[in-house]
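Asks: Below you'll find the structure I mean.
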Amino acid sequence: MKIVRLSPAEARERMTEAMSVYAEAMGYPPEAGQHRAGFAIAHTRRPAFRAVAALGDGDGTALPGELLGFGYGYAAAPGQWWHDQVRAALDRRTAKKWLPGAFEVCELHVHPDHQSRGLGRRLLHALLADLPQPTALLSTPDADTKAFRLYHADGFVDLARGYHFPGDARPFAILGARLPLQPRDQAPTNS
């Protein structure tokens with residue numbers, strides 16, 4: 001398996017496949033991924049867009065070039081749906097400290113058949129490596145999941161808990177990390 005960075009054009013070409021991985025990883029029906037693909041393709045045109053993919057190398061666990069996982073994000077800015085939702089969820093002081101100049105980790109997913117092998121961590125670090133933004137923000141279901149534990153172990157801190165995004169009944173946690181990303185045991189402080 002190898003981790004590669006995708007250009008915006010390459011990300012657009014693989015987005016339908018990526019959104020299938022998204023739906024499987026999140027436990028959504030396949031049509032949810034198909035619906036999300038259009039939005040995700042539009043995201044490739046946002047400032048500072050970056051995407052990474054984990055591709056099979058034919059080692060017996062995956063076909064060569066098979067998409068095993070992916071992540072993407074971009075510069076968060078006022079007027080973007082997620083940014084504005086997060087701004088409303090955070091108290092004024094927290095928003096002022098974390099939102100300006102932030103990189104939004106929009107999606108980061110590993111196909112269930114390839115989870116628990118360190119792939120999510122490798123994708124996260126590849127996505128956030130050498131970014132000029134001072135912080136990275138993301139939202140994840142507010143539950144004791146592998147993803148939630150990964151983010152906390154790698155330096156993300158809670159900014160808000162129990163937030164409900166419109167259209168999703170589940171509570172979400174909004175997390176932030178100072179960049180460059182460091183595992184919590186190596187970071188002096190990330191608050």
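Asks: Can you tell me the accessible area per residue over region 53-151, all protein chains present, probe 1.4 angstrom, in square angstrom?
Replies: With all protein chains present, region 53-151 gives 45 Å² per residue.
Asks: Using a simple spin-label model with points 7 Å from Cα along the Cα→Cβ vector, what separation in nm is obtained for R117 and E24?
Replies: About 1.1 nm separates the two model spin labels.
Asks: Considering only protein heavy atoms and a probe of 1.4 Å, how much of the accessible area of region 37-191 is carbon and sulfur, as a whole percent?
Replies: Reported share for carbon and sulfur atoms: 54 percent.
Asks: Tell me which trypsin sites (Lys or Arg not before Pro) from region 23-55 have a DSSP coil assignment and no more than 15 other beta carbons within 10 Å of their own.
Replies: Loop-located and lightly packed - R45.
Asks: Also, quick follow-up: According to a simple spin-label model (label point 7 Å from Cα along Cα-to-Cβ), what is the distance in nm between R93 and T145?
Replies: Label-label distance for T145 and R93, simple model: 3.0 nm.
Asks: In what sequence, largest accessible area first, do R149, R117 appear using a 1.4 Å probe?
Replies: Putting R149, R117 in descending order of accessible area: R117, R149.
Asks: For a label point 7 Å from the Cα of A77 along Cα→C-beta, name the residues of region 101-139 whose backbone N is under 14 Å from it.
Replies: 101-104
Asks: Sticking with this structure for a sec: What does the charge count near L67 come to, summing +1 for each Lys or Arg and -1 for each Asp or Glu among other residues with Cβ under 10 Å from its Cβ?
Replies: So the environment of L67 carries a net charge of -1.
Asks: Grab the Cα-Cα distance for F39 and A169, subtract it from 0.36 nm times how many residues apart they are, and report the gain in nm with one decimal.
Replies: Working it through step by step, the gained length comes to 44.8 nm.
Asks: Suppose we keep just the alpha-carbon trace of region 55-116; what are its Rg and Dmax in angstrom?
Replies: When restricted to the Cα atoms of region 55-116, Rg and Dmax are 17.1, 51 Å.
Asks: Please give the net charge around Y28, taking every other residue with its beta carbon less than 15 angstrom from that of Y28, where Lys and Arg add +1 and Asp and Glu add -1.
Replies: Value of the local net charge: -2.
Asks: What does region 95-157 give for Rg and for Dmax, in Å, if only its C-alpha atoms count?
Replies: Radius of gyration, then largest Cα-Cα span, for region 95-157: 12.3, 40 Å.
Asks: Can you list, bin by bin at 5 Å, the percent of alpha carbon pairs in the chain, starting at 0?
Replies: 1, 8, 16, 21, 22, 18, 9, 3, 1, 0, 0
Asks: If you don't mind, another one. Where Lys and Arg each count +1 and Asp and Glu each count -1, what net charge lies around K2 among other residues with Cβ under 12 Å from its Cβ?
Replies: That works out to -1.
Asks: Still on this structure, I have one more. Just want to confirm a number: the relative contact order over the chain, from Cα pairs under 8 angstrom separated by 6+ residues, in percent.
Replies: For the chain, the relative contact order is 18 percent.
The values are calculated or read from the model by the stated rules, or taken from the named source; none is laboratory data. Quick caveat: nothing in here was measured; it's all calculated off a predicted structure. So basically every Cβ, Gly included, is an ideal-geometry build from the backbone, and we count neighbours across all protein chains shown. Just the protein is used for accessible areas: all its heavy atoms, side chains included, with ligands, DNA and RNA removed. Shrake-Rupley method; radii C 1.70, N 1.55, O 1.52, S 1.80 Å.
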